[in-house]
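Taking it in order: structure first as structure tokens, then the write-up.
FYI, it's all coordinate maths here, none of it is from the lab. Only a predicted model underlies this, so the values are computations on that prediction, with no experimental measurement involved. Here the Cβ is made from the backbone with ideal geometry for all residues, glycine too, and neighbour counts use every protein chain on show.
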Amino acid sequence: MSPFHTAERPALWRRRFILAGWLVAAVVICARATQIQVVQGADWRAMAEDQHTTDRIISAPRGGVMDRDGTPLAVSRETFRVAVAPAELQDVDEAVAALSAALDIPPRQARAYVDPSDPWHVVPGRHAPSVREALSGIRGIHLQRELQRYHPHGDLARGVLGVVLDDEGTGGIEQAYEDVLRGTSGRAVVARDNVGRAIPGETFEVEAPRSGGEVLLTLDMDLQEIARQALEEAIAESEARGGDALVTDPFTGEVLALVSIRDGRTASLSAINTPYEPGSTLKPFTVAGLLSHDLARLSDTVDVENGTWRVAGRTLHDVSAQDRVTVSDALRVSSNVGIAKVARALTPGQQYENLRDFGFGVPTGIEIPGEVGGLLRRPDRWSSQSPASLAIGYELSVTPLQMAMAYGALANGGTLMEPRLVREIRDPSGRTLERSGARPVRRVVTPRVARMISRVLEDVVEEGSGTRARLGSFRVAGKSGTSRAYSPGGGYTPGDYYSSFVGFFPAEDPQLVVVVKLERPRKGAYYGGSIAAPVTRATMEAALAARATPLDRERLLRSVRGPTRATVPAVTRFASQPVDPPAPPMEEEDLVPPGLSAEDRMLLRSRVPVPELTGLPVRTAARRLHGLGLRVVQEGAGDVLGTIPRQGTRVVPGDTVRLRLGRPGDG
């Protein structure tokens, strides 16, 4: 064998071994490349994108809440917080100029925010969306978008609306309609540099946020403001702990105004969640039960034993001493003895079912959370004193809302309605998704019985305990109530009372039910007819005067007492406030030219002169003008210097009077 042939064999095997190694390495590399790029490609791409970009949630605006006329009550407002990272700034002077112009601050203050001694400066406050265009492209200036819930009318209906905490509705409409109001969040991609910082101007919206739907309420903001002002003045005059005022439509159950003030807080909802013993305002339902079961007639007489009667170990008293009165008079003068005596004709079952039918003891079903049903015990838990106590409004607790619905049944002919606070639900484009209609619960009494009770309640206002609720042009039906306040610790607290009045008008064709309750008044008279009835009257007067009113003026015209009766409403009567005398009767032929519409004739007949207000405090002047049915606009601050129109000018209720305010000598 040739020595050359022997030497070539090891070299050949080495070449083959090296070739095999390269082939194996190539296969491994190709396999690994295939694994990375094909099998694991999506994971690696996601990791790379995560290092260079990040997702950011774009909050969606909540839908708006409006009153019955579309006036915004709660809306979402976009604001921005501004922060500066001095180390990231490329042009300090440019940043100072931009901050000064966009935030409307002095350059010296803007320069303090770019001081490199602090790595991060947060500019105080929240700023308008205009700062986004002015500052978003500057490196080192960071903007954080926030959505705030804004209430254009302040806390006027805060209890009803609720609040938004951590992007979630809490209480009121915000909580009850969270699914409707909450929008759908969007998504944006933000580019990041090699150290993970966001690159200014490199934010891309991937999915736009979608705002929530809208909720249209039954509230009327004019009536809400009217009721609140009247209630606040009554609380201040009587030094009461708080109070409630409700205005409802008896035929639809719509809540037109709902005001609760407790310990100075206007966000209270005591009208639906704080029951009380109603006292005499419950007596009409006792009489209605007697009439419905044919157990008594209004003309029947009862011996009231000179105003003192002892029953089941308890003595009932009347304010006035009489011998015999009719059932009608017992209700008109609010005789405890008379009503309790005639109520004995009802069996416990009848008495209980009558009160339950009027809605007492169960929640009304209003659309916001927190409502309580009050207390109405079953007959098997009554004591021997319970029938007499229940007949005159004790041993049960009710809410003002329940009273409004119950009196609404008397006003509309005998049908209990479910209260409505939401009128419509709309999608983000404004298209109506759901419209709420009147929801009858049950017929409680016949129209005949309801009308009989209503006529007695008219007499209560005309000549009984509710005369402070009278209106010059319209007949009002109503009932006052004064009940002792029960202490949470047990027993009645001496000197503590609930003063209330419930009325509806016009009595012949009711359009509004007004409930007023004051809690623990401390100053002056505490009777419901003295301090709660004037609030009812002030609310009704202002509702009549308002041009944008839910009242049907044609129906009102048919309810007017007559053209020769005084049609000018007097100033609101509060316990310690003097009352302006009504204007003298006006003859129709002196006021009304021919050819006018019925509404115009009604308005012309009620023209009133602007009173002399110079030198008065603004609250007193505004109260006097509101009592005349006029709207008020204030110019300046201080006491009244004059009015536009001038004193003596005859204006129509609903017109606006401007108060020029200032200090004496300002001119």
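From least to most packed, judged by other beta carbons within 10 angstrom and beginning with the fewest, His153, His317, His127 follow the order His317, His153, His127.
Residue exposure proxy: Met417, Met405, Met66, ordered by other Cβ atoms within 10 angstrom of their Cβ from fewest to most, comes out as Met66, Met417, Met405. At a Förster distance of 41 Å, what's the computed FRET efficiency of Thr184 paired with Asp104, Cβ-Cβ distance as r, to 0.05? E(calc), rounded to 0.05, equals 0.75.
Between Leu23 and Ser320, the distance separating the two model label sites (each 7 Å from Cα on the Cα→Cβ line) works out to 12.5 nm. Here region 381-452 is treated with +1 on each Lys and Arg Cβ and -1 on each Asp and Glu Cβ, and its dipole about the Cα centre works out to around 280 debye. 3J(HN,Hα) along region 459-472, derived from phi through the Karplus expression 6.51 cos²θ - 1.76 cosθ + 1.60 where θ = phi - 60°, amounts to 5, 4, 6, 6, 8, x, 7, x, 4, 6, 9, 5, 10, x Hz, with x in place of Gly and Pro. What percent of all Cα-Cα pairs in region 222-318 falls in each 5 Å bin, counting up from 0? Spelled out bin by bin, region 222-318 gives 2, 10, 13, 15, 16, 10, 11, 13, 8, 1, 0 percent. Once the Cα-Cα distance is subtracted from the 0.36 nm per residue extended length, the Lys523 to Arg56 segment shows a gain of 162.3 nm.
Ranked from largest, the principal axis spans of the Cα set of region 470-543 equal 44, 21, 15 Å. The distance between label points at Arg558 and Ala42 comes to 7.2 nm (points 7 Å beyond Cα on the Cα→Cβ vector).
Extension gain for the segment Glu462 to Glu133, taken as residue separation times 0.36 nm less the Cα-Cα distance, is 111.8 nm to one decimal.
Projecting the alpha carbon convex hull of region 398-544 along each direction and taking the average yields 12.1 nm². Shape of region 55-217 from its Cα gyration tensor (a ≥ b ≥ c, root eigenvalues): rounded if a/c is under 1.5, otherwise prolate when a/b > b/c, or oblate? It is prolate, given that a/c is not under 1.5 and a/b is the larger ratio.
Between Val311 and Phe251, the FRET efficiency estimated from the beta carbon spacing at R0 = 41 angstrom works out to 0.60. With neighbour counts taken as other beta-carbon atoms within 10 Å, the residues Ile235, Ile105, Ile57 rank, fewest first, as Ile57, Ile105, Ile235. Computed FRET efficiency, Cβ-Cβ of Ser383 and Arg455, R0 30 Å: what is it to the nearest 0.05? Efficiency, rounded to the nearest 0.05: 0.30.
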